[in-house]
1. Taking K and R as +1 and D and E as -1, what net charge do the other residues with C-beta under 11 Å from the C-beta of Met186 add up to?
2. In region 286-405, carbon and sulfur make up what percent of the accessible area (probe 1.4 Å)?
3. Region 171-235 to region 341-362: how many Å between their Cα centroids?
4. Applying the Karplus parametrisation 6.51 cos²θ - 1.76 cosθ + 1.60 with θ = phi - 60° to the phi angles of region 302-310, what ³J(HN,Hα) value in whole Hz is obtained for each residue in order, glycine and proline being reported as x?
5. Across region 352-361, in residue order, what do the Karplus-derived ³J(HN,Hα) couplings come to in whole Hz, using 6.51 cos²θ - 1.76 cosθ + 1.60 with θ = phi - 60° and x for Gly and Pro?
6. Given Cα pairs under 8 Å that are at least 6 residues apart, what percent is the relative contact order of region 286-405?
7. Using DSSP to define loop residues, name the trypsin sites (Lys or Arg not before Pro) in region 309-394 whose beta-carbon has at most 15 other beta-carbon atoms within 10 Å.
8. Given the pairs Lys182/Lys223; Lys226/Lys283; Lys192/Lys280, which span a C-alpha to C-alpha distance of over 20 angstrom in this model?
Amino acid sequence: MARYRAQVYEQLELHGLLQGEPEMQRPFALPLQPLASPSSPQHWKAVSSLPRTEKLVAEDSFAGPVLQEKPSASSPQHSAVDPSPPAAGHAPRSHTEVLPYDERPLPVTRKQLGEASAEAEVKEADSDVRRRGVAGEPEPLTEKALREASAAIDTLGEALVAGAYSKMWSCREDALLALYKKLMEMPVGTQKEDLKNMLRASVFLIRRAIKDIVASVFQASLKLLKMIITQYIPKHKLGKLDTTHCVERAFPLLLARAGDSSARLRVMALNFIQEMALFKEVKSLQLIPSYLVQPLKANASVHLAMSQVDLLARLLRDLGTESSGFTVDNVMKFAVSALEHRVYEVRETAVRIILDMYRQHPALTLEHLPPDDSATRRNLLYKAIFEGFAKIDGSVLPTEAEVRAQKRVATKEA
């Protein structure tokens, strides 16, 4: 078929026909005969009346350009053949009509291409915000963000808040760093009300950035929070209520990030909480220990439970139980409840906490534990705890293997 089609195109000088040369007659100007059954006399008469070359073209091309040029069936122009050549001033055909028939797109496809181009224009208009973000300019705030951050916008300005709300993580990080610089440059003689408004607006943006999934944005929020607690508040001589506001608003979110699925963010949150608890401005408030001794929630994630127990063990060694917020009572209640946790690492850390408490306060620690008898020692955790107590006291009790060996020796001697 391909060779036959090429031979016919060469014979008819197809390229000259499609370009509409005046000296060549167009075979496609033939009128379309009415549809008739192949067996009818009209069908054979119409076919036999065509020249041989035009008959070949009809077999290969009537399905395409002839159908496109088909007038209505009731038109009287169908009664005669118009073999006259096309006028010299005939309009040039479009690019689609110049293509071979097999390569011409269907009308439906043309429509879809038009719709696709229209959709592309809409997408291009909608991507204007995205291009602004790529250029470094944050997109405008939405109505929800305007309502939510109205107080921060009044204090810090819409441009900075828009950067903190941007979909581009670089804009969010730059906004926090710009706020850091702005707070550092606040003059000492500023009114207290303005300073407190700046503090509360900054804490609002810090809370949002603490929940950010990008590590650099999260780290920028920690840097800003540390500066506010250790430099901004002491520099402007703000009270403990402002420090308490910062800790109470930020710490629950920080503790939640300590249970994050990302190991990097989890370590960053753990280290910062331990560092923040040792700030002299925060240490005197005794707030963080009171959060850590809260009982573990049954539906808490494994990472969160492990992080909370680990933080308590760390800070217990750093702060002790003297005027730190940690007491023997609240620590032992937490540790005993943690012994029943489903995660082995949590139970193991709880045992270590109990042993550390026994080294400092042996009598008060024993008050929160069941009696040391055979029934209690059937629990492997309590057995390990009481054996640890014996090692701390220096009276190392024999292990079960040693007891059995002694019994066998006594039996043989008997």
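1. Working: positive: Lys181, Lys182, Lys235; negative: Glu185, Asp194.
Summing Lys and Arg as +1 and Asp and Glu as -1 gives +1.
2. Values: 3440 of 6380 Å².
After summing per-atom areas, the C and S share lands at 54 percent.
3. A separation of 38 Å, based on Cα centres.
4. Values per residue, Gly and Pro as x: 5, 4, 5, 4, 5, 5, 5, 5, 5 Hz.
5. Residue by residue, region 352-361 yields 5, 5, 5, 5, 5, 5, 5, 5, 8, 9 Hz.
6. Values: 92 pairs, mean separation 25.1, N = 120.
RCO, region 286-405: 21 percent.
7. Details: sites: Arg314, Arg317, Lys333, Arg342, Arg347, Arg352, Arg359, Arg377, Arg378, Lys383, Lys391; in loops: Arg342, Arg378.
For trypsin sites (Lys or Arg not before Pro) across region 309-394 that sit outside H, G, I, E and B with at most 15 neighbouring Cβ atoms in 10 Å, the list reads Arg342, Arg378.
8. Values: Lys182/Lys223 14 Å; Lys226/Lys283 14 Å; Lys192/Lys280 22 Å.
Violating the 20 Å limit, Cα to Cα: Lys192/Lys280.
The values are calculated or read from the model by the stated rules, or taken from the named source; none is laboratory data. None of the values given here were measured: they were computed from a predicted structure. Reconstructed Cβ throughout: ideal geometry from the backbone, glycine too, with neighbour counts over all protein chains shown. All accessible areas refer to the heavy atoms of the entire protein, side chains included, with ligands and DNA or RNA removed. Shrake-Rupley method; radii C 1.70, N 1.55, O 1.52, S 1.80 Å.
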